[in-house]
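Visitor: Below is one structure. I have some questions about it.
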Amino acid sequence: HEDGTTRADNGPYAGRLLTEVHAELGLDLVGRNNAWARERQKFPLLIKLLDCKAPLSVQVHPGDDYARAHEGDELGKTEMWYVLHAEPGAELVLGLAKDTTREELRRAITESRLEPYLHHVAIRAGDHICVPAGTLHAILGGSIMVEIQQNSNTTYRVYDWGRVGKDGKPRPLHVEKALDVVDLGVVQPRVEAAQVVEEGEGFRRAVLCRNDYFMAERIELAAGSVLRGTCDGDTCEIWGTIDGRVEISGLDLPAVRFALLPAALGDYAVRALSRATLLRTYTPPPRPWLNEQ
Ligand SMILES: [Zn+2]
């Protein structure tokens, strides 16, 4: 993202900014599925490591159409979290605790009594949480997470736990925009279990989150096993080792590190140097409406 860009740390592009590599390689880097993002000069995905000590604000992100119309061609933000570490009792805010109207929510926000409307979920290491655009949410303290999301920084804050910023004043809220985009249908959402879709000798693949913008999978490998795949030009893939150590086509990848596999890479092999758990993220083919825009 333009607010802070990744640098390549090895290979022929070592030291170069991801934005420069993207400009040079184009679809060979991101893949045909992301032609729409390239037209908007956006890298499609953003992955962050979050070390959350204090609660983050309660917020909501717009979808693509709203962000494009109101935020100067920004992308919307559908995101997910994978919990690497959670202290006992760690929680998140996800969705609403009860059915409510926009008017009722507006009053609760402006009168700073939003807390009874917030649905809390307990989290443990290994959990994943899918957060579609429009879902009211907050990361509370006591966790370390991988955040996988559309490459956007558009956040509408509605509640900041009564805190003030460095200047002694409360940070600004974005009440009207938040009310425009908040999905009132997300009431007490369940945190879904990972869905195992493939299992073989020393290998297990589970789908975590699937949406219009990314697919996220958890891959578990036994020590010594080798998983082969192909990047055939449709999508880049981002692999992250979250436990153990692997080698991807000669690149050493201990936990917790991520590697970007260019869409035009061709065949690759993931070798587990120990028992390993990985996150694999890639992009699905665009829906017709993404092309029309
Ligand atoms: Zn968020």
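The values are calculated or read from the model by the stated rules, or taken from the named source; none is laboratory data. Just so it is clear, the model here is predicted, and its values are computed rather than measured. Cβ: placed from backbone, ideal geometry, glycine included. Neighbour counts: every protein chain shown. These area figures cover heavy atoms from the full protein model, side chains too; ligands, DNA and RNA do not enter into them. Shrake-Rupley method; radii C 1.70, N 1.55, O 1.52, S 1.80 Å.
Visitor: Taking 0.36 nm per residue of separation and subtracting the Cα-Cα distance, what length does fully extending residue 110 through residue 252 add?
Guide: Full extension from residue 110 to residue 252 adds 46.0 nm.
Visitor: Where does the charge balance sit around residue 237 when Lys and Arg score +1, Asp and Glu -1, over other residues with C-beta under 12 Å from its C-beta?
Guide: Net local charge, residue 237 excluded: -2.
Visitor: Go through 93, 202, 179 and say which Cα lies farthest out towards the positive end of the charge dipole of the chain; charges sit on Cβ, +1 for Lys and Arg, -1 for Asp and Glu.
Guide: 93
Visitor: Kindly write out, for segment 258-273 in residue order, the coupling ³J(HN,Hα) from the Karplus curve 6.51 cos²θ - 1.76 cosθ + 1.60 (θ = phi - 60°), rounded to whole Hz, with x marking Gly and Pro.
Guide: Result, rounded to whole Hz: 10, 10, 9, 9, x, 4, 8, 4, x, 6, 9, 9, 10, 9, 7, 7.
Visitor: Still on this structure, I have one more. Which value, in Å² and to the nearest 10, is the accessible area of residue 177 when all protein chains are kept and the probe is 1.4 Å?
Guide: Counting only protein heavy atoms, residue 177 exposes about 70 Å² to solvent.
Visitor: Then there's this: Once phi is turned into θ = phi - 60°, what whole-Hz ³J(HN,Hα) does the Karplus curve with 6.51, -1.76 and 1.60 give for every residue of segment 210-215, x standing for Gly and Pro?
Guide: Computed from phi, the couplings for segment 210-215 are 9, 8, 5, 10, 7, 10 Hz.
Visitor: Tell me the mean residue ellipticity at 222 nm calculated for the chain from its helices only (DSSP H runs of n ≥ 4, each -39500 (n - 2.57), averaged over every residue, nearest 500).
Guide: -3500 deg cm²/dmol
Visitor: Counting other C-beta atoms within 10 Å, and keeping those with at most 16, which DSSP coil GluC sites (Glu not before Pro) do you find in segment 82-166?
Guide: 111
Visitor: Right, next: Between residue 25 and residue 198, what is the FRET efficiency for a Förster distance of 22 Å, r being their Cβ-Cβ separation, to the nearest 0.05?
Guide: 0.15
Visitor: If I stretch the segment between residue 68 and residue 210 completely, what's the gain in nm (0.36 nm per residue apart, minus their alpha carbon distance), one decimal? Before the final figure, lay out the partial values.
Guide: Numbers: separation 142, 0.36 × 142 = 51.12 nm, distance 2.21 nm.
Full-extension gain reported as 48.9 nm.
Visitor: Now, a different point. Could you provide, to the nearest whole Å², the per residue accessible area of segment 208-266 with probe 1.4 Å? Before the final figure, lay out the partial values.
Guide: On the way: 2310 Å² over 59 residues.
Solvent-accessible surface per residue comes out at 39 Å².
Visitor: Any idea how far the Cα center of segment 79-94 sits from the one of segment 137-170, in Å?
Guide: Result: 14 Å between the Cα centres.
Visitor: Scan segment 159-255 for GluC sites (Glu not before Pro) in coil per DSSP, keeping those whose Cβ has at most 13 other Cβ atoms within 10 Å, and list them by number.
Guide: Taking segment 159-255 and a limit of 13 other Cβ atoms within 10 Å, the loop GluC sites (Glu not before Pro) found are 192, 201.
Visitor: Give the distance, in whole Å, between the Cα centre of segment 202-227 and the Cα centre of segment 1-54.
Guide: First find each Cα centre; the distance between them is then 22 Å.
Visitor: Return the long-range amide H neighbours of residue 85 (sequence gap of 5 or more, or a different chain), with a cut-off of under 5 Å between placed amide H atoms.
Guide: 144
Visitor: Can you list residues from other chains, or at least 5 along the same chain, whose modelled amide H is less than 5 Å from the amide H of residue 273?
Guide: The list, which skips near neighbours in sequence, is 224, 245, 246, 247.
Visitor: Related question: Taking amide H atoms as placed 1.01 Å from N in the peptide plane, list the residues 5 or more away in sequence, or in a different chain, whose amide H sits under 5 Å from that of residue 255.
Guide: Under 5 Å from the amide H of residue 255: 244.
Visitor: If I model a spin label as a point 7 Å beyond the Cα along the Cα-Cβ vector, how far apart are those points for residue 175 and residue 50 in nm?
Guide: Inter-label distance under the simple model: 2.5 nm.
Visitor: Leaving out ligands and nucleic acids, note down the accessible area per residue over segment 46-181 with a 1.4 angstrom probe, in whole Å².
Guide: 44
Visitor: Karplus couplings for segment 233-242 from phi (6.51 cos²θ - 1.76 cosθ + 1.60, θ = phi - 60°), rounded to Hz, Gly and Pro as x?
Guide: Karplus-based 3J(HN,Hα) across segment 233-242 equals x, 6, 8, 6, 10, 10, 10, x, 8, 10 Hz.
Visitor: About its Cα centre, how strong a charge dipole does segment 214-292 have in debye, to the nearest 20, once Lys and Arg get +1 and Asp and Glu get -1 at the Cβ?
Guide: Rounded to the nearest 20 debye, it is 260 debye.
Visitor: At 25 °C and a viscosity of 0.890 mPa s, what translational diffusion coefficient does Stokes-Einstein give for segment 214-292, taking Rh as the Kirkwood radius over Cα pairs? Give it in µm²/s as a whole number. Could the numbers behind the result be given before it?
Guide: Numbers: Rh = 12.9 Å.
This corresponds to a translational diffusion coefficient of 190 µm²/s.
Visitor: Counting only protein heavy atoms and using a 1.4 Å probe, what share of the accessible area of the chain belongs to carbon plus sulfur, as a whole percent?
Guide: 48
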